1. Report the residue count in the stretch 161-174 for those that are assigned to a helix (DSSP H, G or I) and surrounded by fewer than 16 Cβ atoms within 10 Å (Cβ to Cβ).
2. Whether any residue in the stretch 220-238 is under 21 Å from Gly327 (Cβ atoms) and among the aromatic types (Phe, Trp, Tyr) is what I want to check.
3. Please state which one of Glu303, Glu274, Glu278 is within 29 Å of the chain's Cα centre (by Cα) and either of a type in the set (D, E, K, R) or on the phi > 0 side of the Ramachandran plot (or both).
4. Would you say Lys158 is outside the structural domain of Asn315 (by TED's automatic domain parsing), over 23 Å from Lys98 (Cα atoms) and crowded, with 16+ Cβ neighbours inside 10 Å?
5. Quick check: is even one residue across the stretch 358-381 acidic (Asp, Glu) and at pLDDT 80 or above?
6. Which of (1) at pLDDT below 95; (2) farther than 29 Å from Asn241 by Cβ; (3) surrounded by 14 or more Cβ atoms within 10 Å (Cβ to Cβ) is the odd one out, the single condition Lys111 does not satisfy?
7. For residues that are charged (D, E, K, R) and within 47 Å of the chain's Cα centre (by Cα), scanning just the stretch 1-60, find the one that is surrounded by the fewest Cβ atoms within 10 Å (Cβ to Cβ).
Amino acid sequence: MATIQQRGNSYLIRVSCGYDSKGKQIIQSMTWKPDANMTPRQIEKELNRQAVIFEEACMHGFQSKAIKFEEFAEEWFEEYAKPNLRNTTYERLLQLRKRIYAAIGHLRMDKITPRQIQSFINGLAKDGANEKTGKPLAPKTIRHNLSLISDVFSYAVKMGVVSDNPCSKVTIPKGEQKEKQIYTPAEVKRFLELLESEPLKYRVFFNLVIYSGFRRGEMLGLEWKDVDFENNIISVRRTSNYTGQCGIYTDTTKTKHSQRTLKFPQEIMDMLKEYKAEQDEQALKYGDKWVETDRLYTKWNGEPMQNGTPYFWLNEFCDKHGLPFYGIHSFRHLFASLLVNQGVDIVTVSGALGHSTVSTTSNIYCHMLQEAQAKVSDAVSSALNFGSKKEPKAS
């Protein structure tokens, strides 16, 4: 309820709006001054009316307009992000807070301008932004920073804290586009040859990822019930992820379209059968110590494999044999490039990769598609030029 205090010929109206994240009471106030010709009765009536109007405005979010970005962002993390976002996404966004809060955390939500956000984003694209390398931040990281700020403001608009989202007017600087690092056919051939002398678990893992383009979390989330040996197909139905707070946990796929089924060559399925038999023997060997999870890729005792294990194993393998190390995700790019170069249509490529839209595939593999289209154009031109050649005249 509003409290009223007379100060000379004006009145101070105060409303309690709850408490902030630190337990401090939030008080909003306004001053009302009556007209000089108003009677005491008129002043009392109008003063009470002003108090009611101001209190209603506060209860409908007007008071929140004075809240600072950091305080409101913490509310967004707790009230929206935590219950709605995937754990991996949530923890990644938490790591962005320090840099953003240092730049705009102290500013009021309703006072932050597009220019201030643009200045912050531009700074991320300059040398020194990455404290470890002294280089600019990667374009993807810059987008994540802007996306977080934008998400907080979008939520603020819904909550009536601000009227619009200033991020809609901010542009991400064009950075240097790096070519995706992909193994050449010769490198892949040598990789597979060297893999033959390695443990069956890793032979299966990397052969399967090359033939599927599955994401690492999708690979580690595979269970034996997802493998149809009769029809030579494997289905992606879940992911295995890791965060510092949750440890290893099972989650849904990235999007609904990520749930997909692919057909595999017989040699890959035969390798999987051999691996299944090996794992069954291991389960018998360890008896009660074996934890039944049905996962393809496990620790020694059947528990789900750590998410970093394939990555570190691949790094050591490449270093040992003098192969370039591009990370596990590079095999996904390899898979896409092989499909594109073989003339597979973009809709089929997108479905095989589990992208939510075809435009996602087009944007990521734009350069590959352009090269493939150029080959088509050259082929047509070559055919037409050949056909237009005049037959030599008979002598």
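1. The qualifying residues number 2.
2. No, every residue in the stretch 220-238 fails to be under 21 Å from Gly327 (Cβ atoms) and among the aromatic types (Phe, Trp, Tyr).
3. Glu303
4. In short, no.
5. no
6. Going through (1) at pLDDT below 95; (2) farther than 29 Å from Asn241 by Cβ; (3) surrounded by 14 or more Cβ atoms within 10 Å (Cβ to Cβ) one by one, Lys111 breaks only (3).
7. Lys22
To keep it simple, each residue is scored yes or no on (1) within 22 Å of Asn307 (Cβ to Cβ); (2) touching a residue at least 60 places away in the same chain (Cβ under 8 Å); (3) among the aliphatic types (A, V, I, L, M); (4) out of contact with any Asp or Glu (no Cβ under 8 Å at 6 or more places or on another chain).
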site: Tyr211; (1), (2), (3), (4): yes, yes, no, yes
site: Arg215; (1), (2), (3), (4): yes, yes, no, yes
site: Glu230; (1), (2), (3), (4): no, no, no, yes
site: Arg237; (1), (2), (3), (4): yes, no, no, no
site: Asn241; (1), (2), (3), (4): yes, yes, no, no
site: Gln245; (1), (2), (3), (4): yes, yes, no, no
site: Thr255; (1), (2), (3), (4): yes, yes, no, yes
site: Ser258; (1), (2), (3), (4): yes, yes, no, no
site: Lys263; (1), (2), (3), (4): no, no, no, yes
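The values are calculated or read from the model by the stated rules, or taken from the named source; none is laboratory data. Just so you know, these numbers come straight off a predicted model, no measurement behind them. Cβ coordinates were reconstructed from backbone atoms using ideal geometry, including for glycine residues, and neighbour counts include every protein chain displayed.
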